[in-house]
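K.L.:
Here it is, the structure, as C-alpha cells.
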Amino acid sequence: MSLISLNDVRFGYGGTPILHGVSLALEQGQNLGILGESGSGKSTILRLMLGLARPDAGVVEADGSVLETRSRSRMQAHRRLVQPVFQDPYTSLDPRMKVGRILTEPHSALNLPGDAKAEAARVLQAVGLPEDSVDRYPRAFSGGQRQRIAIARALIARPRVLLADEPVSALDLATRVRVIALLTQLSRDLTLVLVSHDIAIVAALCPRMIVLQQGRIVEAGATQDILRAPKHPYTQRLLASLQHMPMESS
Ligand SMILES: Nc1ncnc2c1ncn2[C@@H]1O[C@H](COP(=O)(O)OP(=O)(O)OP(=O)(O)O)[C@@H](O)[C@H]1O
Ligand SMILES: [Mg+2]
C-alpha cells in the first residue's frame, strides 16, 4: 500500500488549470524527488498531498483511503502522517515565539502523546541543536539552524512522510550540505518527498523521481535510469543545463 497517491488529479486555482491529470505513488522508504521548472506545479502537488488543496477531479489517497480534507479528525490524523518543511526558514517560523513554543504548539494542536517538553528536547537532539534552544527566538539562529528548527517542528508529530519544498535553496553552500546530510539521516526512518531545482540533491537523496512540465508528469521512474538516459526532451535539456553547475539551484 502506498503512503500517499495521486490518481489522475486535476487542479486549478480559480478556474485556471494547473495540474492536468497527475498520477503518482509514494512508497514507504522510497524517497521521491520532484523536479520541474518554476511554475510547473511542484508546490501545488505538495499542497494536495498535505490536504491544503482539494483536487477538482481525481483523488488523493493517504494511508490507504481517500483523503477527506473536510473532516477535521481525518486532517488531524493526516498531520501525524505527513509534515511539511518549506523553503525559507526566515518566514516559516513565527518570530514572536520562542523555539520551545514553536515545537510544543503542534504537539498540543495535534493531540500527540507524551510530554511536550520532552518531545521538544527529542526533536532538537534529532536535528543536532542544543536543548537550551527552547529559550531563544528564531532570530538568534542562522539560516541553517532555523531550517533545523523547522525540521524539528515537523518531527514532533513523528510523521512517516516529510514533504520538503526546496528545503535548502535559501541556504549557503556549506549549510546546504549539512542540512542535506540531516535529511539523509532522517530518511532512514521516514519517507521524503523532495522538491528541488537541483538534480544533484535529488540524485543524492531520492531513488525515485518525477519531472513536471506545465502541470504534467513528463518523466517518472528510478532516478538512476532517468539520469543515465532521460527520455523526454525537457528532461534532457534540464540535465544538460545543470551539467556545468552541479550544486547550484536556479
Ligand atoms: N495561490 C495561487 N493562486 C493562483 N495561482 C497560483 C497560486 N499558487 C500557484 N499558482 C500558480 O500555479 C502554477 C504552479 O505553481 P506552483 O507554485 O505549484 O509551481 P512550482 O513548480 O512550485 O514553482 P516554483 O519552482 O517557482 O516554486 C503557477 O502558474 C502559479 O502561478
Ligand atoms: Mg514551488
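The values are calculated or read from the model by the stated rules, or taken from the named source; none is laboratory data. Quick caveat: nothing in here was measured; it's all calculated off a predicted structure. When we count neighbours, we look across all protein chains shown, and the Cβ atoms used for this are built from the backbone with ideal geometry, even at glycine.
K.L.:
Hey, any hits in segment 108-117 for a residue that's at pLDDT 95 or above, outside any loop (DSSP other than H, G, I, E, B) and farther than 25 Å from V211 by Cα?
P.N.:
Yes: one or more hits.
K.L.:
Which is assigned to a strand (DSSP E or B), within 21 Å of the chain's Cα centre (by Cα) and away from ligand 2 (no atom under 16 Å from the Cβ), of A77, A25? Give the steps one after another, and end with the answer.
P.N.:
Values: A77 fails: assigned to a strand (DSSP E or B).
Selected residue: A25, the only one of A77, A25 that is assigned to a strand (DSSP E or B), within 21 Å of the chain's Cα centre (by Cα) and away from ligand 2 (no atom under 16 Å from the Cβ).
K.L.:
Run down V218, V134, V193 and say which single residue is part of a helix (DSSP H, G or I), at pLDDT 95 or above and either within 20 Å of the chain's Cα centre (by Cα) or surrounded by fewer than 22 Cβ atoms within 10 Å (Cβ to Cβ) (or both). Spell out the reasoning first.
P.N.:
Details: V218 fails: part of a helix (DSSP H, G or I); V193 fails: part of a helix (DSSP H, G or I).
From the options V218, V134, V193, the qualifying one is V134.
K.L.:
Would you say A164 is farther than 18 Å from E105 by Cα, of a type outside the set (S, T, Y) and either touching a residue at least 40 places away in the same chain (Cβ under 8 Å) or surrounded by fewer than 18 Cβ atoms within 10 Å (Cβ to Cβ) (or both)? Spell out how you get there, then give the answer.
P.N.:
On the way: farther than 18 Å from E105 by Cα: yes; of a type outside the set (S, T, Y): yes; either touching a residue at least 40 places away in the same chain (Cβ under 8 Å) or surrounded by fewer than 18 Cβ atoms within 10 Å (Cβ to Cβ) (or both): yes.
For A164, the condition - farther than 18 Å from E105 by Cα, of a type outside the set (S, T, Y) and either touching a residue at least 40 places away in the same chain (Cβ under 8 Å) or surrounded by fewer than 18 Cβ atoms within 10 Å (Cβ to Cβ) (or both) - is met.
K.L.:
Please indicate, with yes or no, whether at least one residue in segment 87-104 is within 27 Å of P17 (Cα to Cα) and within 16 Å of ligand 1 (Cβ to nearest atom).
P.N.:
From segment 87-104, those within 27 Å of P17 (Cα to Cα) are 87-88; that's our starting set.
If we keep only those that are within 16 Å of ligand 1 (Cβ to nearest atom) too, we end up with 87-88.
Within segment 87-104 (the criterion being within 27 Å of P17 (Cα to Cα) and within 16 Å of ligand 1 (Cβ to nearest atom)), the answer is yes, since at least one residue qualifies.
For every residue, the table says whether it meets (1) within 9 Å of ligand 1 (Cβ to nearest atom); (2) on the phi < 0 side of the Ramachandran plot; (3) in a loop (DSSP other than H, G, I, E, B); (4) among the aromatic types (F, W, Y).
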{"site": "G39", "(1), (2), (3), (4)": "yes, no, yes, no"}
{"site": "I45", "(1), (2), (3), (4)": "yes, yes, no, no"}
{"site": "E61", "(1), (2), (3), (4)": "no, yes, no, no"}
{"site": "E68", "(1), (2), (3), (4)": "no, yes, yes, no"}
